[in-house]
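Trainee: One structure is given below, represented as structure tokens, and several questions about it will come after.
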Amino acid sequence: MDKNFIKIKNGENIKVNQIPYMEFDLFYENVLQLALNGYSIIHYFAYNDNFQTRLIAVFRKQNFLYIATTDAPDEYQNLTEKSIKFHNYERELAEEFAIKTINHPWLKSLRYHSNFLGKTDVFGNDYSNEIPGNYEFYSITGEEIHEVGVGPVHAGIIEPGHFRFNCIGEKILHLEIQLGYQHRGIEKQILQLKKSALPILIESVAGDTSIANSLCFSEAIESLANVEVNEEYEKIRGIALELERIANHVGDLGALSGDIAFLTAAAYYGRIRGEFLNILLEVCGNRFGKGFIRPGGSKFLININQRRLFLNKLKKLKKEIIEIADMLFNNAGVLSRFESTGIIETDIANDLGLVGPVARASNLFYDVRYDLPTGIYRNISIKVATEKNCDVMARALVRYKEILHSLDIIETLLNNLEGTKPNKNINYSLSPNSLVVSVQEAWRGELSHCIITDPDGNILRYKIKDPSFNNWIGLAIAMRNEEISDFPLCNKSFNLSYCGHDL
Amino acid sequence: MFSIIKNRIKQGYKTSKYPLKEIMLPEKYRGLPSINKDCEKNTIITCAINCPTQAINASEQSLDLGRCVFCGLCEEISDGTFIKFTRNYKTGASDRRQLTLYSDDLKDLEISTNKYFKKLFGRSLQIRQVSAGGCNACEADLNVLNTPFFDISRFGIQFVASPRHADAIMVTGPITRNMKNALIRTFEATPDPKIVIASGTCSISGGIFRGSSEQLNGLDSILKADLYIPGCPPHPLTVLHSLLKYLGIIKS
Ligand code: SF4
Ligand code: SF4
């Protein structure tokens, strides 16, 4: 089935002319067949090469990536109706490259910006007007139906986005999520930046995922520049990535507790999250790990003293995390809110192409660290945490299991550090006419960067896909037939990124 | 219930004594930079060329904190001979021009207490935060001010849900084009008198996003800020210190 695709490993670079080219009709058929037969989409995007717009599809099955390309038509019959996985990708194609997908069930702008090519806008938007522009929200009519609109400015200190609920009484029939308010034009800006600024922009795609993004970027650059990374750095990178995961997962458990007014756990977990950010601060000078990882290795090391200190600290924190979890997960009031709320059945999660803890809580077995390991993850065993109940509780439990597992990973890695020197800035030159796909298990799930270079080794296209790009639709579906009052809780059990999605 | 009480006793009291007792941030933390103007010219120029946000002016040997994203590259390139980051977290200022640092002014930046505001609101400030682009790290570290360690509400400062209840709006992010109107509307919905706080380098100058066509290079083009808090993101202490000083809760 995948014979028309090139099969490569995560982080392996290939020449652009090695990517199998198919005429569009054949490409269409092939891509659809893969999507319908258990291959998941990692990328489906366009880029411009010598005035020719090309489409690239990157799929994954088990431990490999499958890639093919074609020339993009101006318009084509949509794939979304045949496989919902294409939904956001096709909206993105229309928005970025003015490729119209005919009969797409919901061809609405994703981030609200003019296209990259200066072509006539597919949506008929005038971008001096306010978002969401020339498009109505999905609306259900009927005597007892009412709409609730929330955002873009929300009640708490959170990012902007608009949620439109169609309800009957308290029950949500449909939720539409309109994003784009955080759109900063990152993919375009990358192409204009000098090299020294690139890692910093990458770390600011989504600040709570700085480390995973930085790692994705660094591994992609190293692959294109043919740079080997010393194992000591790989260990430090592993520690950094797991610290980021723990900090965010612990924060999420706190936020979930806070949402159901179980303030004890919310306060404790809130504080403990900070302890992990402080470890990052001690190692690299920034609580979010900005400036920590760079192509070639890592800017900072962990010395013997710090190692001892951290090991002790982690032991104490682990005990506290477990105690609080025992309190949280055994409380009847908590269970009554967490259980059976916001269910996404396994087959639906699979059809939608969900990733990360959210997908694993719907019993889908996929973790990049296990399936597509790079760096230190090739040398350590990863337990993929899954749950069967597909609800808020399952999403909380997956996070909890992952916290404990990450603590173990960090402990092992800390104990195995040897202490080599930090790297200087590698002055990288990228191999020309090449493509690399780099995938990491960020704390929200599969994060991927794809870089294509031109004949001079400059970056021609930089595509970023945050796990939230896959998962926002999951939140919308999870809310169907739920009470509107359960929205905040469900939302927190997904905790998706606006800026990571909006780019 | 019993386990909750037991745990409560075990957790103890975690709120810091700040500002009565100073908090020392770790050695690696990049706070207020110190500048050595006697550094070799070429080094300064290399730093200026490589600075990702054009924060360094080589001919004036100055550094604009309102543009700096605290990436540490200049310190690394100059091996500390031109720029050296200190652990001083007090980087807020009430005057934008003050954020341009020249050599030998490694004193605290000035935040003038707003006397009128102080008189009017006593010791309380209700803040409506508006996130307008950026990377969400600024927001995440503002939320931290509500955790037990910092417990910002003990100073009478609260983040509120509605602009109608607010005395201040605090903006993060470079102001994306798609958030411009929502920001202006939030500002307008906030009753007078009110202050505007730019928190994080993005909101002061656009930060690392400066120059991208989808954003406005910070708040200045649409609203005048009363308080600037640089950092990428600013440490929670930096924000707390700036607010307390602005309200006159801590004095110079
Ligand atoms: S630390 Fe600030 S001044 Fe120095 S290079 Fe980075 S952004 Fe520029
Ligand atoms: S100032 Fe830095 S941390 Fe704050 S939003 Fe901007 S990029 Fe993120």
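A short reminder: the numbers here are calculations on the coordinates, not readings from a lab. On a predicted model such as this, the values are computed, not experimentally measured, just so you know. Cβ placement follows ideal geometry from the backbone for every residue including glycine, while neighbour counts extend to all protein chains displayed.
Trainee: Not counting the cut sites, what is the longest span of chain B without GluC sites (Glu not before Pro) that DSSP labels loop and that have at most 15 other Cβ atoms within 10 Å?
Mentor: Longest site-free region, per DSSP loop and neighbour criteria: B:111-252.
Trainee: Quick one: if the Förster radius is 22 Å, what FRET efficiency do B:Arg87 and B:Lys17 give, using the C-beta to C-beta distance and rounding to 0.05?
Mentor: Values: r = 18 Å, r/R0 = 0.83.
According to the calculation, E is roughly 0.75.
Trainee: A follow-up question, please. Provide the percentage of antiparallel DSSP beta bridges, counting only those with both residues in region A:1-111; round to the nearest 5.
Mentor: Numbers: 20 of 24 bridges.
The antiparallel fraction comes to roughly 85 percent.
Trainee: Would you tell me the mean number of C-beta atoms belonging to other protein chains that fall within 10 Å of each C-beta in A:145-153, as a whole number? The partial results should precede the final answer.
Mentor: Values: counts 0, 0, 0, 0, 0, 0, 1, 10, 14.
Whole-number average of other-chain Cβ neighbours for A:145-153 is 3.
Trainee: How large is the charge dipole for the protein assembly as shown, taken about the Cα centre, if only the Cβ atoms of Lys, Arg (+1) and Asp, Glu (-1) carry charge, to the nearest 20 debye?
Mentor: In total the dipole reaches around 2720 debye.
Trainee: For region A:195-429, with only Lys/Arg (+1) and Asp/Glu (-1) charged at the beta-carbon, what is the dipole magnitude about the Cα centre, in debye rounded to 20? The partial results should precede the final answer.
Mentor: Details: 28 positive and 29 negative charges, 179 e Å.
That gives region A:195-429 a dipole magnitude of about 860 debye.
Trainee: Based on Cβ point charges of +1 for Lys and Arg and -1 for Asp and Glu, what charge dipole magnitude is obtained for region B:115-246 about its Cα centre, in debye rounded to the nearest 20?
Mentor: Charge dipole, region B:115-246, about its Cα centre: 380 debye, nearest 20.
Trainee: Nearest 5 percent is fine: what portion of the DSSP beta bridges confined to chain B is antiparallel? Intermediate results must be reported in sequence, preceding the final value.
Mentor: Values: 9 of 24 bridges.
The answer is about 40 percent antiparallel.
Trainee: Which GluC sites (Glu not before Pro) in region A:1-77 pass both tests, a DSSP loop state and at most 16 other beta-carbon atoms within 10 Å?
Mentor: Qualifying residues, ordered by number: A:Glu12, A:Glu23.
Trainee: Here's another thing I want to ask about it. Taking loop as defined by DSSP and a crowding limit of 15 other beta carbons within 10 Å, which GluC sites (Glu not before Pro) in region A:250-345 fit?
Mentor: Answer in residue order: A:Glu339, A:Glu345.
Trainee: Which whole number of Å³ per residue matches the convex hull of the alpha-carbon atoms in region B:115-246?
Mentor: 91 Å³
Trainee: Just the number: Rg to Rh for the protein assembly as shown, Cα atoms, Kirkwood Rh, two decimals.
Mentor: Details: Rg = 24.9 Å, Rh = 26.5 Å.
Using Cα coordinates only, the ratio equals 0.94.
Trainee: Return the average number of partner chain Cβ atoms within 10 angstrom of each residue Cβ along peptide B:170-179.
Mentor: 6
Trainee: Starting from the Kirkwood radius over alpha-carbon pairs of region A:351-391, derive D by Stokes-Einstein at 25 °C in a medium of 0.890 mPa s and give it in µm² s⁻¹.
Mentor: Stokes-Einstein gives a translational diffusion coefficient of 227 µm²/s.
Trainee: So what's the gap between the Cα centers of region B:16-92 and region A:437-472, to the nearest angstrom?
Mentor: Taking the Cα centre of region A:437-472 as reference, the centre of region B:16-92 is 31 Å away.
Trainee: If you don't mind, there's one more thing I want to ask. Once amide H atoms are placed 1.01 Å from N in the peptide plane, what residues at a sequence separation of 5 or more from B:Asp226, or on another chain, have their amide H within under 5 Å of its amide H?
Mentor: Residues meeting the criterion, in which the H sits 1.01 Å from N, are B:Val196, B:Ile197, B:Ala198.
Trainee: Hey, another quick one. Which of the three applies to region A:15-60, rounded, prolate or oblate, going by the alpha-carbon gyration tensor with a ≥ b ≥ c and a/c under 1.5 meaning rounded? Provide the component values of the computation, followed by the final result.
Mentor: Working: a/c = 2.04, a/b = 1.70, b/c = 1.20.
Prolate.
Trainee: Fewest first, what order do B:Met24, A:Met1 take by the number of other Cβ atoms within 10 Å?
Mentor: Listing B:Met24, A:Met1 from fewest to most nearby Cβ atoms yields B:Met24, A:Met1.
Trainee: Something else now. For the charge dipole of chain A, defined by +1 on Lys and Arg C-beta atoms and -1 on Asp and Glu C-beta atoms about the Cα centroid, which residue among A:Phe494, A:Pro373, A:Ser114 has the Cα displaced farthest towards the positive pole?
Mentor: Most positive-ward Cα: A:Pro373.
Trainee: Identify all lysines with a Cα-Cα distance to B:Lys224 below 18 Å; exclude those on the same chain that are fewer than 8 residues away in sequence.
Mentor: B:Lys180, B:Lys194
Trainee: Does region A:185-242 come out rounded, prolate or oblate by the C-alpha gyration tensor, with a ≥ b ≥ c the root eigenvalues, rounded set by a/c under 1.5 and, if not, prolate when a/b is larger than b/c and oblate if not? Before the final figure, lay out each step's value.
Mentor: Details: a/c = 2.92, a/b = 1.39, b/c = 2.10.
Cα axes put region A:185-242 in the oblate bin.
Trainee: Now for a different question. Past the 24 Å Cα-Cα mark, which pairs from A:Lys194/A:Lys463; A:Lys463/A:Lys492; A:Lys313/B:Lys28; A:Lys318/B:Lys90?
Mentor: A:Lys463/A:Lys492; A:Lys318/B:Lys90
Trainee: At 7 Å along the Cα-to-beta-carbon direction for both A:Val148 and A:Asn63, put a label point, then send me their distance in nm to one decimal.
Mentor: The answer from the label model is 4.8 nm.
Trainee: Summarise the long-distance tail of P(r) for region A:57-177 by giving the % of C-alpha pairs beyond 22 Å.
Mentor: 50 percent
Trainee: Scan chain B and hand back the longest stretch that contains none of the trypsin sites (Lys or Arg not before Pro) lying in DSSP loops with at most 11 other Cβ atoms within 10 Å.
Mentor: Longest site-free region, per DSSP loop and neighbour criteria: B:108-223.
Trainee: Is region A:193-349 best put as rounded, prolate or oblate by its Cα gyration tensor, with a ≥ b ≥ c the root eigenvalues, rounded for a/c under 1.5, and otherwise prolate when a/b is larger than b/c, oblate when not? Walk me through the intermediate numbers first.
Mentor: On the way: a/c = 2.52, a/b = 1.64, b/c = 1.54.
In terms of gyration-tensor shape, prolate.
Trainee: Another one. How many angstrom lie between the Cα centre of region A:367-382 and the Cα centre of region A:142-199?
Mentor: So the two Cα centres are separated by 33 Å.
Trainee: Using the charge dipole of region A:195-429 (Lys, Arg: +1 at Cβ; Asp, Glu: -1 at Cβ; taken about the Cα centre), state which of A:Thr412, A:Asn226, A:Asn427 has its Cα farthest towards the positive end.
Mentor: Projecting each Cα onto the dipole axis, the largest value belongs to A:Asn427.
Trainee: Something else about it: Rg (Å, one decimal) plus Dmax (Å, integer) for the alpha carbons of region A:1-111?
Mentor: 13.3, 36
Trainee: Further, regarding this structure: Rg and Dmax in Å for region B:1-132, alpha carbons only: what are they?
Mentor: 20.3, 67
Trainee: Something else now. As an exercise, take the mean of 1/r over every pair of distinct alpha carbons in chain B, invert it, and state the Kirkwood radius in angstroms. Can you show the working numbers first?
Mentor: Details: mean 1/r = 0.0526 Å⁻¹.
Its Kirkwood hydrodynamic radius stands at 19.0 Å.
Trainee: Next up: Quick one: Cα centre-to-centre distance for region B:232-252 and region A:213-256, in angstrom?
Mentor: 32 Å
Trainee: Can you tell which of B:Phe159, B:Cys138, B:Gly211 lies farthest toward the positive end of the dipole of region B:115-246, using +1 and -1 charges on the Cβ of basic and acidic side chains (Lys, Arg; Asp, Glu)?
Mentor: The listed residue farthest towards the positive side: B:Phe159.
Trainee: While we're here: Are there trypsin sites (Lys or Arg not before Pro) in region A:183-237 that DSSP puts in a loop and that have at most 16 other Cβ atoms within 10 Å, and which ones?
Mentor: Of the trypsin sites (Lys or Arg not before Pro), the ones in loops of region A:183-237 whose Cβ has at most 16 other Cβ atoms within 10 Å are A:Lys194.
Trainee: Report the convex hull volume per residue for region A:259-381, counting only C-alpha atoms, in Å³.
Mentor: Taking only Cα atoms, region A:259-381 has a hull volume of 167 Å³ per residue.
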